[in-house]
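Since the structure comes first, as structure tokens, the remarks are kept for the end.
The values are calculated or read from the model by the stated rules, or taken from the named source; none is laboratory data. Here the structure is a predicted model, which is why all the values come from computation and not from measurement. So basically every Cβ, Gly included, is an ideal-geometry build from the backbone, and we count neighbours across all protein chains shown.
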């Protein structure tokens, strides 16, 4: 399977989640789900990361932080939106401080459904993201230009 | 920690089963009550739109005239309010969690209206 | 005396799963002041009451926070039930109390793991979270969700626990309680844990009361304050006493939470013994008119819900005061004159829940 070839590191950021998806992402790293079996490590440093896992919908203060983290990550990189809030804003999309899903700011590669997303669903999503990461890596190797940094628009 | 306790813990670690669920290779048996994903059975639906009324994030849209049921799984919070509201048993909760998506998409179903009974029972538009 | 430096802590920090930002003003290695700035997870949930009807708000309320989700739903429902003068059946109350104590066990085990990670005891972190998965399995078996239970509704409970499931649950809880001793003994007896927590972040009882601390934070300073004694749901039927420690340091806060895990196991057993077969919910019709303050004890402390209805299907005002919000001023007080390396441990011992705080 594709996820044995590389050891991708992931960076988790809570955009404005209710904690439900956050603790499920953390649960993936603890003994019962243990994604370190595949060499997946949770890193705190965006420059070390290959996968950006975002939980929760985007609001005004976190928009800048997400852009900052994303642009610091080296290519190739993938974005996984975990939970329905990160995908569309979920139940909070009508609130005044929520801009919407992560895709209002960044190009998202994989959406993981669920409220809160189960660890199994998150693992499925990350495995799917690894396939996309490999195609992106192959394209870069073949000489494709690096995508430009995402600019925030007010 | 004394040496006795230490060796006991070490031996227990060697002989006990690992706590890890080997997820993508072996899925654990689903728990019956688990709220994984909304399942729609289009054969039973009468497009009454009760589920749309009860849905907290407005993930379900029902077109009563056009007989279309649409659900956005990326909006659904899996509360199960629609399943409780459904009178015809057309909505149910799957214990298996939903698959990841690479693009946003609303799933919709449409069935033709059943043939109207002959005679004067035809409903007014 | 060295020059003053300001170190930004957060919003994206490995020790915190959630974003909070602290500006730590340092003189050499000593923190002289901490200036918190919050607002990263503000969603504006209270205003959602104007758009969602009262029954839908129960689901929204649960999503204030994913760790203590059940108590949030229960508090909202308690407040609405008081306004609408609804009598919840006895079994409905007992089910709610069982789930709220289960969520307390899950929350405290989760916190214990994060604290262990905070002082660098990786093994203890993993072991706590391993045990936590077992309580999550029980929660999933009874409610269908792992962290968001979705089992509380206005008028009672949405689900019932069958007798055979209940028997299995009690058996599993008894075995879990036995296994919990392995990690809690480490917290209470291990010298490395004591070195990192004893005498660190001390808050005196008078300061704790004056600064408005709640929950385990207040009880660790020797003040016996537990909102469960106020008698919401059917807590007066159960026998328990608030757990109190005297020292007011990080170790005392750890001890309070560790002992509360066992208290919750005991309360679940008491509930199960007193539960009688019967209906779990009543039919609710009409709209609330009037206002009510509900006070509940969350894993993190006292939480207050204010609802005001005006006779329509939407609430006029919904207000939540969460425990972490109350515990931020004591935290800022504790962060003075300590070593920079102790900051993560002290921040974690208030059991911060930022999404509660900012909603």
Test of understanding: among C:182, C:194, which residue is modelled with pLDDT under 85, part of a helix (DSSP H, G or I) and in contact with a helix residue (DSSP H, G or I) (Cβ under 9 Å, 6 or more places away or on another chain)?
C:182
Does any residue of the range C:78-96 turn out to be surrounded by 24 or more Cβ atoms within 10 Å (Cβ to Cβ) and within 14 Å of chain A (Cβ to nearest Cβ)?
no
For residue B:120: the one exception among (1) more than 14 Å from chain A (Cβ to nearest Cβ); (2) assigned to a loop (DSSP other than H, G, I, E, B); (3) at pLDDT 80 or above:
(3)
Within the range C:100-137, work out how many residues are surrounded by fewer than 23 Cβ atoms within 10 Å (Cβ to Cβ), within 11 Å of another protein chain (Cβ to nearest Cβ) and touching a residue at least 60 places away in the same chain (Cβ under 8 Å).
2
Starting from residues that are more than 7 Å from chain A (Cβ to nearest Cβ) and out of contact with any helix residue (DSSP H, G or I) (no Cβ under 7 Å at 6 or more places or on another chain), keep the ones in the range C:36-58 and report whichever is nearest to residue C:307 (Cα to Cα).
C:46
Suppose we filter A:84, A:78, A:110, A:53 for residues that are within 7 Å of another protein chain (Cβ to nearest Cβ), under 23 Å from residue A:140 (Cα atoms) and either touching a residue at least 60 places away in the same chain (Cβ under 8 Å) or in contact with a helix residue (DSSP H, G or I) (Cβ under 8 Å, 6 or more places away or on another chain) (or both); which single one remains?
A:110
Does residue A:124 satisfy the criteria of being touching a strand residue (DSSP E or B) at 6+ places or on another chain (Cβ under 8 Å), at the interface with chain B (Cβ under 7 Å from one of its Cβ atoms) and farther than 12 Å from residue A:55 by Cβ?
yes
By residue number, the members of the range B:30-55 that are surrounded by fewer than 17 Cβ atoms within 10 Å (Cβ to Cβ), in a loop (DSSP other than H, G, I, E, B) and within 12 Å of chain C (Cβ to nearest Cβ) are B:30, B:31, B:32, B:33
Conditions first: (1) under 20 Å from residue C:56 (Cβ atoms); (2) crowded, with 21+ Cβ neighbours inside 10 Å; (3) touching a helix residue (DSSP H, G or I) at 6+ places or on another chain (Cβ under 8 Å). Residue B:93 passes all but one, so which condition is the exception?
(2)
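Within the range A:1-12, identify whether any single residue is in a helix (DSSP H, G or I), closer than 27 Å to residue C:106 by Cβ and within 10 Å of another protein chain (Cβ to nearest Cβ), and answer yes or no.
no
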Can residue A:94 be described as within 9 Å of another protein chain (Cβ to nearest Cβ), out of contact with any helix residue (DSSP H, G or I) (no Cβ under 9 Å at 6 or more places or on another chain) and over 25 Å from residue A:144 (Cα atoms)?
no
Right, residue C:140: more than 14 Å from chain A (Cβ to nearest Cβ) and modelled with pLDDT of 85 or more or not?
no
Can you go through A:59, A:68 and tell me which one is within 18 Å of residue C:65 (Cα to Cα), free of Cβ contacts under 8 Å to residues at least 60 places away in the same chain and within 11 Å of chain C (Cβ to nearest Cβ)?
A:59
Look at residue C:277 and say whether it is within 19 Å of the chain's Cα centre (by Cα) and surrounded by fewer than 19 Cβ atoms within 10 Å (Cβ to Cβ).
no
Looking at residue A:54, is it over 14 Å from the mean Cα position of the chain (by Cα), within 30 Å of residue C:135 (Cβ to Cβ) and buried (at least 24 other Cβ atoms within 10 Å of the Cβ)?
no
Of all residues in the range C:15-27, which are within 13 Å of chain A (Cβ to nearest Cβ) and in a strand (DSSP E or B)?
C:21
Which residue is surrounded by the fewest Cβ atoms within 10 Å (Cβ to Cβ), if the candidates are limited to the range B:56-76 and must be more than 14 Å from every other protein chain (Cβ to nearest Cβ) and without any contact (Cβ under 8 Å) to a residue 24 or more places away in the chain?
B:65
Among helices (runs of 4 or more DSSP H) completely within the range C:28-134, the ones holding 3 or more residues that are under 22 Å from the mean Cα position of the chain (by Cα) and over 30 Å from residue A:54 (Cα atoms) are C:69-84, C:90-118
